[in-house]
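The values are calculated or read from the model by the stated rules, or taken from the named source; none is laboratory data. From a predicted model like this one, the values you see are computed outputs, not experimental measurements. Heads up, the Cβs are rebuilt from the backbone with ideal geometry, glycines too, and the neighbour counts pull from every protein chain shown. Surface accessibility is based on the protein's heavy atoms, side chains included, excluding ligands, DNA and RNA. Shrake-Rupley method; radii C 1.70, N 1.55, O 1.52, S 1.80 Å.
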Amino acid sequence: MGTNGSTMLEPLRQGLPPLDPAAVSNAASCALPARYEAVREARKFTRRTMDQWELGDRFDDVCLVVSELVTNALRHALPVGTQRGCEQAPPPVRLHLMRWTERLVCAVRDPSHDSPVARDSDDFSAESGRGLFLVDSFSDSWGWQPLAGALSGKVVWALFRLQAEAAGGPGAGGPGVGGVTSAE
């Protein structure tokens with residue numbers, strides 16, 4: 001993942017049975033450039049990863065949440081003056097997918113220290129401003145954590161509980177167990 005996994009996973013320990021970062025059965029990570037087409041790239045990456053992990057039945061909910069988290073990172077978390085559409089080294093946003101036996105976590109890392117803010121809106125026809133409401137509605141829990149150390153910014157994460165049959169299916173012990181996949 002390129003980071004100390006325990007830093008990213010610290011908030012996931014609150015109110016849930018302990019998660020050991022070393023017990024991740026599958027993990028994948030994807031760097032995303034500062035352009036809005038990166039949302040489509042994040043969805044494609046999520047589809048490929050979930051198909052490999054045989055979790056395609058959860059794709060719709062997970063894909064919606066990934067789209068919202070990546071869109072928020074690109075829209076609200078990039079520093080002023082970041083040129084969208086330009087390749088930067090390193091890319092400012094990164095998507096992490098981590099799977100345990102009964103949980104899937106989607107985490108988006110961005111360079112901002114500002115907390116994500118859900119907007120209150122009574123205008124249900126508005127085309128924006130409902131992203132975190134959707135994340136809250138489609139995931140089992142979500143939150144964010146500031147990063148410390150060599151990486152600055154924050155990680156916004158969403159947790160999905162997996163059904164026992166899906167989590168223990170043929171893909172749970174297949175290739176990549178304990179491995180980390182990274183797409184640059």
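Observations, loosely collected:
- When residues of the stretch 78-88 are limited to those that are out of contact with any Leu (no Cβ under 9 Å at 6 or more places or on another chain) and open to solvent by 40 Å² or more (accessible area, probe 1.4 Å), the one modelled with the highest pLDDT: Pro79
- Taking the stretch 30-77 as the range and being in contact (Cβ under 8 Å) with a residue 60 or more places away in the chain, touching a Gly at 6+ places or on another chain (Cβ under 7 Å) and buried (at least 18 other Cβ atoms within 10 Å of the Cβ) as the test, the residues that pass are Trp53, Glu68, Asn72.
- Test for Pro91: is it under 15 Å from Leu159 (Cα atoms) and modelled with pLDDT under 95: no
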